[in-house]
Amino acid sequence: MGGYVCTVAGGNGGVGKTTTAINLGAALAARGYETVIVDADLAMPNVADLLGVDVETSLHDVLAGSATLSETLADAGGLTIIPGETNLDAYADADPKKLPKVVNTLARTYDVVVIDTAAGLSTETTIPLELADGVVLVTTPDHVSLTDTGKTGTLSEMVDSSILGALLVRATAETPITDIDAEFDFPLLGGIPEDYDAVGAEPLVTNVPDSPAAAAYRDLADELAPVFFEGAPIEEVDLVPHEWVG
């Protein structure tokens, strides 16, 4: 049995997909699981930038056939990442159809493969959804983001992906979590509070462990771990505790 592949997706940009991928991955790594984060946002990758990692060899190089997968592995303070390349020439040369081979290879080595995806509906987005054992949809509470998240959920279902649920980022005590839950045909995993004091401190779970956002991400990892590693049904996942919101 290979490692669990978790794709982190969202309908639009700037909703917190990358922050969620980084912190979920870091929380799982802190629990002893061999974890790798793949920056599969080929047009606008930023995992390495948020983690302060200099990119020497990237996923784009592998997808272009000019580097091996092992050459791309980068250490980000105990967390392994496969960074992307922001150069537009690299984007043009990268073939997303080679991503399945990359992910399948990683799943034979790591306990968890977390894929950070691009926003929107495209081949670049669809392939990571198809590869996932489970999809976490990230959204903010605003109407546009919720609508686009619903569309991404529909796309996930069209390619037979298993949706773990939606995660509300930038939630507050006033966020109508129950009402939002009723809007979706898939579960709501809970809310992650906005944490202005922790901006630029990724991963929050290790660099600012006492912050409410870090605590919420740790709770998310605790809830998802049985699904990833013990085959527990997603219906048994509890909402990220409300005490971390607001």
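Any read-out appearing in this document is the output of simple, stated calculations on the displayed coordinates, not a laboratory observation. Just so we're clear, the structure is a prediction, and the values are computed from it rather than from any experiment. All Cβ positions, glycine included, derive from the backbone under ideal geometry; neighbour counts span all protein chains shown.
Computed over neighbours whose Cβ is under 13 Å from that of Gly65, the net charge equals -1, Lys and Arg +1, Asp and Glu -1. For Ile163, the residues whose modelled amide H falls within less than 5 Å of its own, excluding neighbours fewer than 5 places apart on the same chain, are Val135. Springs join every pair of Cα atoms under 10 Å in this Gaussian network model of the chain, and among Ile22, Ile192, Ile127 the largest mean-square fluctuation is at Ile127. Loop only per DSSP, at most 14 neighbouring Cβ atoms within 10 Å: give me the GluC sites (Glu not before Pro) in the range 134-209, ordered by residue number. Passing both the DSSP loop test and the Cβ count: Glu174. Rounded to the nearest 20, the size of the Cβ-charge dipole of the chain about its Cα centre is 440 debye, with Lys and Arg at +1 and Asp and Glu at -1.
Taking only Cα atoms, what is the 0 to 90° angle, nearest 10, from helix 212-230's long axis to the longest principal axis of the chain? It is inclined by approximately 70 degrees. Is the range 121-213 best put as rounded, prolate or oblate by its Cα gyration tensor, with a ≥ b ≥ c the root eigenvalues, rounded for a/c under 1.5, and otherwise prolate when a/b is larger than b/c, oblate when not? Cα axes put the range 121-213 in the oblate bin. Each Lys or Arg adds one and each Asp or Glu subtracts one; over the other residues with Cβ under 14 Å from the Cβ of Thr147, this totals -3. As a test, work out the antiparallel percent of DSSP beta bridges whose residues both lie in the range 4-244, rounded to the nearest 5. The antiparallel proportion sits near 5 percent. Projecting the Cα positions of Leu131, Thr154, Ala107 onto the charge dipole of the range 6-161 (unit charges on Cβ atoms of Lys, Arg, Asp and Glu, taken about the Cα centre) puts Thr154 furthest along the positive direction.
With contacts taken as Cα pairs under 8 Å at a separation of at least 6 residues, the range 4-244 carries a relative contact order of 24 percent. Calculated mean residue ellipticity at 222 nm for the chain: -11000 deg cm²/dmol, from DSSP H runs with n ≥ 4 weighted as -39500 (n - 2.57), summed, divided by the residue count and rounded to 500.
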